[in-house]
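Let me begin by presenting the structure, written as structure tokens, before commenting on it.
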Amino acid sequence: MFNSLRQAMAWLHTWFGLVLGYLLVVIFFFGSLSVFDREIDRWVLPETRFEPQVIPSYSEILEDAFSKLTPDPDELAEARTRVEGELPENLRVLFWGAYTTHRDPTLSIFAEYAIPNNPDDPYDHIHGHATIDPRNGKVLSEDHLNIGSEFFYPLHYSLHLHWKNLGYFIVGFAALMMLVALVSGVVIHRHLFKELFTFRRDKHYQRRVLDLHNLTGVAALPFHFFFALTGLIVFAYIYLPVSETLLAKPAFEYAMQEAEEKGLPFEAAGIPAATASVDEMMAEAKRIWALRDAAGEVGFLLVNHPGDQNSYVSVFRAGTDTVSLVGQGIHFDGHTGELLYEDPVHTAIAGLNEFLIGLHLQHFEHWPLRWLYVFGGLIGCVCIATGFLFFVQKRKRELKSKFGLRSVDAFAVTTITGMLLATVAILVANRLLPADTAGKGSWEIAVFCLTWLLSMAHAFWRSAALKKQALSPAWHEQSFAIAALALSAVLLNWISTGDHLLVTLAEPYWPVASFDLVLMVVSLLSFIIARRLHRKVTVALVGAQPEERKREEVSRA
Amino acid sequence: MASSKELSVLHLLSRISAGIAGAYCFVFGVTTLGITLGLGLGMSYTDAQTLMYLLAFLIYTTAFCWAFIHRSLLTIWLFLIGGGGVMTALGWWLGNHA
């Protein structure tokens, strides 16, 4: 097909990189923001600006909060279409769960409910979820959106397209193409090591863009490869649903056998029974961890078949000081409180898997590494963005029809400055909309989407300037808008909450202080970049005028 | 040998389809068969599945690139779809009947 391996790889790198690159920038950018998703949540939800909490008492807080959980209305409505007859008013609870990390002031609680009478799936179930204040059990308003953990983070891995897991598949394919782009990029570059140290500032624009593309691509190559690969591994069960389809029978048999061996009942007995003290079980688990010289807090609590004779409680140690999310599970009989089973040391394969996934999701405590993740992700954005710019520059003189070229540039503007604009716009909307606005979260999402759409319209409109070989003015105009909105967000946070930088730095309350500082840096950098680009566009347009005039004169003659 | 400029659209689409769908079919087969072989070797189901998930995307990347490198389109399709289909069927049979 191609004349050489290098030619084939160059074709793959260029075209798949271009088509999927737009998506990859979005995935990388929101992945970078997700590294600080909890901190962004604190900024957007002033009522949650307090110190991280440990899992609260079961008898005083959790039991009541769990029992008030209800199934997700959308999932419930969908489940009604799958069953024969009517669903009972109170669905049987399969489990209650709570998960927290060293960065969470609020607590995420969730439940799974059995769906009876589904002829196709005897184990059909739906979910319920709420966020509570662990100090008093108060449920946080569902109208309030955790923009960091419930909007930016899912955007990173699912694009919020949940129909048939479509978003997961699109992101998964983009991640695979990222792996392909990295492999093909390595093959097409003869002097990989040299690229690490090559940035020729004095060369022409196209050369500098390519140097920067190569430099960022090579410098962060292991980081990008690792994150694309481990991101795929996290959702492998969705991409390759072997155990739910072709191998459902052996997978189910194994799960039953494993439950029996561990003494953890797979199914409820259907006989109501009182629950022993879960607080004592958590205390006992902590005592066992301390005896193993691994004292720690509870990170994950599961109450299986609550209120049933077969109930059992699983307590997992928080992974604050380990790479894996949680670990050292200890399981108790829910009815008697007796210790049933202690998770053994991982096998090599399970340990490797936990390590890779834990390193991707980073729930452990390591702030310098957390910042490195952000920079690594942003370097990925720079690498892809410079790829777009190089594509446009290289073909500027070659393409007869400029529409394709203009589209590439307009999409690049939309993807880069447009995405940033939408991100700061949702923050501004969050601070402008009153806290008691009905459906506040939905309004914020609407502002985000609308801003992004407007930035695309603006980018296409302004891309007409490319005909004159100039840079599209959309780049600097949107950069000015980002600068203004990012600064507004900081000021609005001050006005609406009183938490200006002097307060948050003096306390110190880092989640808000650092996010305000980041917004100010974004504002300043955007302003500097906008001014430089503006100057460049002006020079290019002025430079182009005599040429155009000459052409007009020739055509008139 | 044809240069990339002389490629027919159909040929290119066939390569892209083989790269995307063919490689997926192949990896699905490798995963299904790999899990059942792992079970046969005495691994737990969880370990066998995890091992295949750890390898699957490296195999996909390799298969995808190979679909653009190998000269014969017929071989690519036969190997990826045919091989994937056979491995899937064999894995299913071994997992459910053996």
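The values are calculated or read from the model by the stated rules, or taken from the named source; none is laboratory data. All values derive from a computational prediction rather than experimental measurement. As a convention, Cβ positions derive from the backbone with ideal geometry for all residues, glycine included, and neighbour counts pool all protein chains shown.
Values computed for the structure shown
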read-out	value
Residue match in segment A:403-418 (condition: closer than 28 Å to A:ILE233 by Cα and part of a helix (DSSP H, G or I))	yes
Residue match in segment A:106-115 (condition: in a helix (DSSP H, G or I) and farther than 30 Å from A:SER32 by Cβ)	no
Residue pairs meeting the criteria (Cβ under 9 Å; at least 6 apart or on separate chains; first more than 20 Å from A:LEU432 (Cα to Cα), in segment A:444-459; second of a type in the set (Asp, Glu))	A:HIS458/A:GLU477; A:ALA459/A:ASP409
Qualifying positions in segment A:147-191 - of a type in the set (Phe, Trp, Tyr) and modelled with pLDDT of 95 or more	A:PHE151, A:PHE152, A:TYR153, A:TYR157, A:TYR168, A:PHE169, A:PHE173
Residue ID - farthest from the other protein chains (Cβ to nearest Cβ), chosen from residues in segment A:229-286 that are more than 17 Å from A:TYR123 (Cβ to Cβ) and of a type in the set (Lys, Arg)	A:LYS286
Residues being outside any loop (DSSP other than H, G, I, E, B) and in contact with a Phe, Trp or Tyr (Cβ under 8 Å, 6 or more places away or on another chain) - total across segment A:259-273	3
Unique match (being outside the structural domain of A:SER57 (by TED's automatic domain parsing) and of a type in the set (Gly, Ala, Ser)) among A:GLY128, A:GLY167, A:GLY137	A:GLY167
Any hit, segment A:61-81, residues being touching a residue at least 24 places away in the same chain (Cβ under 8 Å), of a type in the set (Phe, Trp, Tyr) and closer than 16 Å to A:GLU297 by Cα	no
Residues within segment B:12-27 that are more than 9 Å from chain A (Cβ to nearest Cβ) and either farther than 22 Å from A:GLY172 by Cβ or not in a helix (DSSP H, G or I) (or both), tallied	1
Residue that is farthest from the chain's Cα centre (by Cα), among those in segment A:84-105 that are in a loop (DSSP other than H, G, I, E, B) and in contact (Cβ under 8 Å) with a residue 60 or more places away in the chain	A:ARG92
Sole residue being part of a loop (DSSP other than H, G, I, E, B), more than 14 Å from every other protein chain (Cβ to nearest Cβ) and acidic (Asp, Glu), chosen from A:ASP202, A:ASP211	A:ASP202
Segment A:456-499, subset charged (D, E, K, R) and part of a helix (DSSP H, G or I), residue farthest from the chain's Cα centre (by Cα)	A:LYS468
Scope segment A:474-527; condition farther than 19 Å from A:PHE448 by Cα, in contact with a His (Cβ under 7 Å, 6 or more places away or on another chain) and either crowded, with 22+ Cβ neighbours inside 10 Å or at pLDDT below 95 (or both); matching residues	A:HIS476
Residue in segment A:301-319 that is nearest to the chain's Cα centre (by Cα), counting only those that are over 26 Å from A:ASN90 (Cβ atoms) and part of a strand (DSSP E or B)	A:ALA318
Count - residues of segment A:230-248 that are assigned to a helix (DSSP H, G or I) and either closer than 21 Å to B:GLY84 by Cβ or of a type in the set (Val, Ile, Thr) (or both)	12
Entirely in segment A:1-83, the helices (runs of 4 or more DSSP H) that have 1 or more residues that are within 14 Å of chain B (Cβ to nearest Cβ) and more than 26 Å from the chain's Cα centre (by Cα)	A:5-34
Segment A:281-325, residues that are surrounded by 21 or more Cβ atoms within 10 Å (Cβ to Cβ) and among the polar types (S, T, N, Q)	A:ASN304, A:SER311, A:SER314, A:SER324
Selected residue [within 14 Å of another protein chain (Cβ to nearest Cβ), under 30 Å from B:LEU51 (Cα atoms), in contact with a Gly (Cβ under 8 Å, 6 or more places away or on another chain) and not in a loop (DSSP other than H, G, I, E, B)] from A:GLY217, A:GLY185	A:GLY185
Top-ranked residue of segment A:151-182 - restricted to ones that are at the interface with chain B (Cβ under 10 Å from one of its Cβ atoms) and free of Cβ contacts under 8 Å to residues at least 60 places away in the same chain, ranked as surrounded by the fewest Cβ atoms within 10 Å (Cβ to Cβ)	A:LEU179
Looking only at segment A:119-150, and only at residues there that are of a type in the set (A, V, I, L, M, F, W, C) and touching a residue at least 60 places away in the same chain (Cβ under 8 Å), the one that is farthest from A:LEU62 (Cα to Cα)	A:ILE147
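Here is a yes/no grid of residues against (1) without any contact (Cβ under 8 Å) to a residue 12 or more places away in the chain; (2) more than 14 Å from chain B (Cβ to nearest Cβ); (3) of a type in the set (A, V, I, L, M, F, W, C); (4) assigned to a strand (DSSP E or B):
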residue: A:ASP321; (1), (2), (3), (4): no, yes, no, no
residue: A:PHE332; (1), (2), (3), (4): no, yes, yes, yes
residue: A:LEU340; (1), (2), (3), (4): no, yes, yes, yes
residue: A:ALA350; (1), (2), (3), (4): yes, no, yes, no
residue: A:PHE355; (1), (2), (3), (4): no, no, yes, no
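Every residue, every condition in (1) under 18 Å from the mean Cα position of the chain (by Cα); (2) modelled with pLDDT of 95 or more; (3) farther than 17 Å from A:SER488 by Cα, yes or no:
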position: A:THR415; (1), (2), (3): yes, no, yes
position: A:VAL424; (1), (2), (3): yes, yes, no
position: A:ASN430; (1), (2), (3): no, yes, no
position: A:ASP436; (1), (2), (3): no, no, yes
position: A:VAL447; (1), (2), (3): no, yes, no
